[in-house]
1. Restricted to Cα positions, what overall size does the stretch A:9-116 have along the principal axes? Three whole-Å values, descending.
2. Can you list the aspartates and glutamates whose alpha carbon sits under 20 Å from that of A:K444, skipping same-chain ones fewer than 8 residues off?
3. For a bin width of 10 Å, list the pair-distance distribution of the stretch B:2-102 built from all Cα-Cα distances, rounded to whole %.
4. With a cut-off of 8 Å between alpha carbons and a minimum separation of six or more residues, what is the relative contact order of chain A in percent?
5. For a Förster distance of 51 Å, can you work out the FRET efficiency between the beta-carbons of A:R362 and A:I99, rounded to the nearest 0.05?
6. Sorted from largest down, give the three principal axis spans of the alpha carbons of the stretch B:33-78, whole angstrom values.
7. Return the subset of B:K45/B:K111; A:K50/A:K104; A:K326/A:K347 for which the Cα-Cα distance in this structure is over 25 Å, preserving the input order.
8. Quick one: what are the phi-derived ³J(HN,Hα) couplings along the stretch A:285-301, Karplus 6.51/-1.76/1.60 with θ = phi - 60°, whole Hz, x for glycine and proline?
Amino acid sequence: MSGREPVLIANGQGFWGDSILGPVRLVREGPLHYLTLDYLAEVTMSILQKLRSRSPDAGYATDFVRMLERILPTCKAKGIKVIANAAGVNPSACRAAVIAVVKKLGITGLKIATVEGDDILARLPELIAGGEELRNMDSGKPLAPRLADVQSANVYIGARSLADALAEGADIVIAGRVTDPSLVVAPMMHEFGWAWDDWDKLASATIAGHIVECGAQCTGGNFTRWREVPDMARIGYPIVEAYQDGSFVITKHPNTGGLVTVETVASQLLYEMGDPKRYLTPDVVADFTTIQLEPAGKDRVRVSGIRGTPATPTYKVSIAVLDGWKATGQLTIAGPEAVAKAELCAKIVWERLKLDGVGFERDEQMVELVGTNVCHAGIAAAPSEPAEVVLRLGVRSTDRAKVDRFGMEIAPLVTSGPPGVTGFAGGRPQATEVIGFWPALLKKEMVTTRVAMEEVR
Amino acid sequence: MKVRLSQLAYSRSGDKGDGSNVGVIAYDRASYDLLVRVLTPALVKRHFQDICKGEVERYEMPNVLALNFILRDSLGGGGSASLKTDAQGKTHGLGMLYLEIEVPAGFQVPKYS
């Protein structure tokens with residue numbers, strides 16, 4: 001417990017690929033105690049596992065290390081600690097890369113911690129042999145018959161080991177597959193010394209983490225009434241101003257763009273929501289129907305009243321399995337009669353493939369005429385005669401060769417189809433892997449997480 | 001009288017397995033109470049009939065005046081299997097706001113419309 005209040009915890013990265021200006025401006029443009037950075041989507045783990053299988057030094061979020069190079073001098077000067085899930089499937093390599101950057105910058109007296117134990121890919125045969133069936137939560141099927149297709153397997157771990165690392169004095173905490181809110185839960189648990197069975201406090205911290213985990217999506221990004229959001233180019237990333245009693249304020253640095261209102265915060269509360277009464281994390285079950293939101297000044301929303309109940313005895317496991325191959329390609333069709341010509345183009349592709357003995361099931365092929373209302377099909381009125389459309393074609397199959405054969409029939413339409421076909425860019429569509437997710441549960445006692453720490457003196 | 005749902009509420013959506021979730025948040029209590037009555041899973045399923053191939057479930061969050069809908073099988077495959085442009089249901093929230101809602105005589109449309 002540091003005794004300071006409020007504690008300021010920001011999220012500067014909602015996903016791998018988010019604007020790098022988020023973290024850079026957060027550390028530079030105002031006070032901050034913790035900067036959290038979220039790099040891992042579900043599909044990212046399988047990509048990282050593949051990179052690691054090709055090179056023992058790969059398998060973590062390399063953007064994170066480049067980011068640290070930009071922000072660490074400011075973080076060191078201001079005492080800002082960094083918590084990220086950038087370790088992917090290779091925590092020790094990520095730690096080594098971070099240490100190399102710290103040394104390159106000439107910064108000393110920094111402790112770098114990694115949290116390990118979430119990656120159970122290598123343990124799957126042993127777990128299955130020991131009676132863990134890892135049944136798919138949707139289909140009920142056991143994992144064993146699909147073991148050869150597994151690309152990655154990670155347990156969604158909670159905030160505890162991250163908080164342990166902070167208690168041991170870590171300045172940079174790097175985890176693998178932790179739940180997104182854990183990055184915020186850990187500093188709140190550490191700073192306020194709350195008990196790990198104080199379910200209301202854990203639920204509060206979890207919801208704080210949920211609100212900020214997608215970066216600017218709670219500060220005016222993706223907001224329905226977008227015309228009212230000022231200066232989106234300079235949108236401020238979110239800051240949790242956390243208090244000892246479990247309440248918190250969502251805000252952003254002064255003089256940044258964007259908007260923090262009850263509406264922008266409520267919007268993000270609903271993002272990727274299931275049953276609001278039972279938001280499950282490894283640390284707590286949070287009840288979103290207890291949340292109270294109220295305005296607390298310009299770009300400030302107070303969040304309070306949150307209740308939680310005990311965590312479940314299991315961890316959720318995210319297992320990525322290879323489910324075949326897919327490819328998509330696109331062309332732009334100019335008018336007149338853009339729609340009729342685009343429809344003809346699609347028909348030609350399927351017929352030419354059939355002429356070469358390549359057929360796809362109905363649900364394995366896709367045609368979209370972008371510009372004729374593909375996102376809101378059947379809902380919004382489509383324009384009767386758009387000046388141009390983008391034709392998107394796609395296929396999916398367990399047969400990679402068939403998918404690659406499809407990719408060869410897009411470009412020929414430019415010279416052997418109707419007139420006005422253009423916009424063939426990016427080369428021939430190639431087959432890429434279809435990754436499916438196999439959600440399963442694993443008893444918590446089967447997983448041990450641990451902290452590894454190294455100090456740059 | 002009919003009004004667009006966008007006059008009564010705002011929204012956000014994202015992916016949830018092979019389905020999407022659409023959060024609809026009312027601008028005021030009267031609109032929320034009305035939506036609890038009329039914005040049924042059956043109506044939402046009909047509205048998204050060309051997109052949602054599975055069941056529609058609804059959860060109530062009166063504390064933030066929100067209804068949360070789960071649109072099962074609405075992305076053309078879960079994980080990375082989808083071939084659609086909107087593989088994550090990012091636009092389903094705005095799609096919901098096109099709905100026409102019958103409001104009772106004398107109903108005060110919220111100030112944000």
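The values are calculated or read from the model by the stated rules, or taken from the named source; none is laboratory data. Just so it is clear, the model here is predicted, and its values are computed rather than measured. So basically every Cβ, Gly included, is an ideal-geometry build from the backbone, and we count neighbours across all protein chains shown. In case anyone asks, the SASA skips ligands and DNA or RNA and just uses the protein heavy atoms, side chains included. Shrake-Rupley method; radii C 1.70, N 1.55, O 1.52, S 1.80 Å.
1. Principal extents (Cα only, largest first): 40, 27, 20 Å.
2. A:E116, A:D118, A:D119, A:E126, A:E132, A:E133, A:D164, A:D180, A:D197, A:D198, A:D283
3. Binned Cα distances yield the sequence 18, 51, 26, 6, 0.
4. On the way: 995 pairs, mean separation 81.6, N = 457.
Normalised by residue count, the contact order of chain A is 18 percent.
5. Numbers: r = 54 Å, r/R0 = 1.05.
Step by step, r from the Cβ atoms, then E = 0.45.
6. Extents along the principal axes: 33, 19, 10 Å.
7. On the way: B:K45/B:K111 28 Å; A:K50/A:K104 29 Å; A:K326/A:K347 19 Å.
Correct reply: B:K45/B:K111; A:K50/A:K104.
8. Karplus values, whole Hz, x for Gly and Pro: 10, 9, 9, 6, 7, 9, 5, 10, 10, 8, x, 9, x, 5, 6, 9, 10.
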